[in-house]
Amino acid sequence: MTMRYGFVGLGSLGAKLAASLRRGRFDLVVHDIDPKAADPLLAAGASWADTPLALAAQVEAVVTCLPSPAVSERVLTGPEGLLAGLKPGATWIEMSTLDSDTIQRLAAVAAEKGVFTLEAPVTGGVHKAAAGEVAVIVGGETAVVERHRAALEAMGGPIFHMGPLGSASVMKVITNMLAFIHLVAAGEALMLARRGGLDLAQAYHVIEASSGNSFVHETESQLVLNGSYNVGFTMELACKDLGFAMSLGRELGVPLDLAAITAQTFIRAREAYGGGAWSTQVVKLLEDALHTDLRAPGFPAALNP
């Protein structure tokens, strides 16, 4: 019999992951603070639950994809939370970006109720999640990973099992830290090209073909050049993740010079454009300071987050 999954958190990323589960023909129950966010999934055959508790009572495993550790903890442990409804032997799969201490602490609370935990943050961007091609970084016991491998593979791939709980969180912080550093660097490179009188579309393609290329340039630079900035990831989330990186650096005694500068740049961008602005708009700080835009006329909107 196919395992029934629940999914809580249908934001820009969560909705794409949940849709991939449905495409994989998994029986799915969903919940979000905004009921309208579930409409496409309900149309695709998913069921609705009014609370995390009501959802948990109907499933063998539940996936969460939420904006902050505080929200994850409330959804898991609150009076109407998942642990009030999950049966012993069920699994909580956390796909939010948490720090390793938080996932280990919450997993211990879940274990007291007889509930297993996996951490499975993803990396590669919302557009890859929409196609079911986002990489999944997993931490947890091997037997639990294998029990849910089919669901994880429905949501993305490749699947990287990093080790015990906490290991995936560390890896996810590292990948996000690199992405934000690359984004700021790509913005500076494009501005040099613009101020140097170069054709920005041509400059984009030269960088893409060069040793200075990056995945972030290939994807997010396009969103700067076409002026949409719509990466499906907010400035508030970027600041949170960079905060995790800085905390990890202090804990492990690793100086993170570039990450520290990047974190301050994102804080300035959040204050300038708001926490709900797209993270890609960090490049607008440079555009606004120099009164020079980075538009490339006719440049396509290649991503669809």
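Val206 meets each of the listed conditions (1) over 14 Å from Leu190 (Cα atoms); (2) open to solvent by 40 Å² or more (accessible area, probe 1.4 Å) apart from (1). Among residues that are hydroxyl-bearing (Ser, Thr, Tyr), without any contact (Cβ under 8 Å) to a residue 40 or more places away in the chain, in contact with an Asp or Glu (Cβ under 9 Å, 6 or more places away or on another chain) and not in a loop (DSSP other than H, G, I, E, B), Ser247 is not included.
Can you tell me which residues in the range 151-168 are open to solvent by 60 Å² or more (accessible area, probe 1.4 Å) and either under 15 Å from the mean Cα position of the chain (by Cα) or farther than 28 Å from Val29 by Cβ (or both)? Don't jump to the end; show me each part of the working.
Within the range 151-168, the first condition is being open to solvent by 60 Å² or more (accessible area, probe 1.4 Å), and the residues that meet it are 153, 158, 160-162, 164.
Passing the criteria: Met162, Pro164.
Within the range 1-26, residues that are in contact (Cβ under 8 Å) with a residue 24 or more places away in the chain reach partners that are open to solvent by 50 Å² or more (accessible area, probe 1.4 Å) and among the aromatic types (Phe, Trp, Tyr) with beta carbons closer than 9 Å, at six or more positions or on different chains, in the pairs Ser12/Phe233; Leu13/Phe233. The set of residues in the range 186-201 being open to solvent by 20 Å² or more (accessible area, probe 1.4 Å) and touching a residue at least 40 places away in the same chain (Cβ under 8 Å) consists of Glu188, Arg194, Arg195, Asp199, Ala201.
Pairing residues of the range 262-286 that are under 21 Å from Ser12 (Cβ atoms) with residues that are open to solvent by less than 10 Å² (accessible area, probe 1.4 Å) and of a type in the set (S, T, N, Q), at Cβ distances under 8 Å and at least 6 apart in sequence or on separate chains, gives Phe266/Ser279.
In the range 45-65, the residues that are free of Cβ contacts under 8 Å to residues at least 24 places away in the same chain form Cβ pairs under 9 Å with partners that are small (Gly, Ala, Ser), at six or more places apart or across chains, as follows: Trp48/Ala38.
Regarding Glu220, is this residue in contact with a helix residue (DSSP H, G or I) (Cβ under 6 Å, 6 or more places away or on another chain) and either open to solvent by 30 Å² or more (accessible area, probe 1.4 Å) or acidic (Asp, Glu) (or both)? When the stated conditions are applied, Glu220 passes them.
The test for being modelled with pLDDT of 95 or more, aliphatic (A, V, I, L, M) and under 23 Å from Ser96 (Cβ atoms) holds for Leu256.
Residue by residue, here is whether (1) open to solvent by 70 Å² or more (accessible area, probe 1.4 Å); (2) among the small types (Gly, Ala, Ser); (3) at pLDDT below 95 holds:
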{"position": "Gly132", "(1), (2), (3)": "no, yes, yes"}
{"position": "Val145", "(1), (2), (3)": "no, no, no"}
{"position": "Val170", "(1), (2), (3)": "no, no, no"}
{"position": "Val184", "(1), (2), (3)": "no, no, no"}
{"position": "Gly212", "(1), (2), (3)": "no, yes, no"}
{"position": "Val231", "(1), (2), (3)": "no, no, yes"}
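Can we say Ala107 is open to solvent by less than 20 Å² (accessible area, probe 1.4 Å) and under 16 Å from the mean Cα position of the chain (by Cα)?
Numbers: open to solvent by less than 20 Å² (accessible area, probe 1.4 Å): yes; under 16 Å from the mean Cα position of the chain (by Cα): no.
In short, no.
When the range 61-89 is filtered for residues that are open to solvent by less than 10 Å² (accessible area, probe 1.4 Å) and under 22 Å from Val122 (Cβ atoms), the ones remaining, listed by number, are Ala61, Val62, Val63, Thr64, Ser72, Leu76, Leu82.
Scan the range 5-47 for residues that are aliphatic (A, V, I, L, M), over 19 Å from the mean Cα position of the chain (by Cα) and open to solvent by less than 20 Å² (accessible area, probe 1.4 Å) and the total you get is 4.
The values are calculated or read from the model by the stated rules, or taken from the named source; none is laboratory data. Since we're looking at a predicted model, the values are computed, not measured. Quick reminder, even Gly has a Cβ in these numbers, built from the backbone with ideal geometry, and neighbours come from all protein chains shown. Keep in mind that these areas ignore ligands, DNA and RNA; they rest on the heavy atoms of the full protein, side chains included. Shrake-Rupley method; radii C 1.70, N 1.55, O 1.52, S 1.80 Å.
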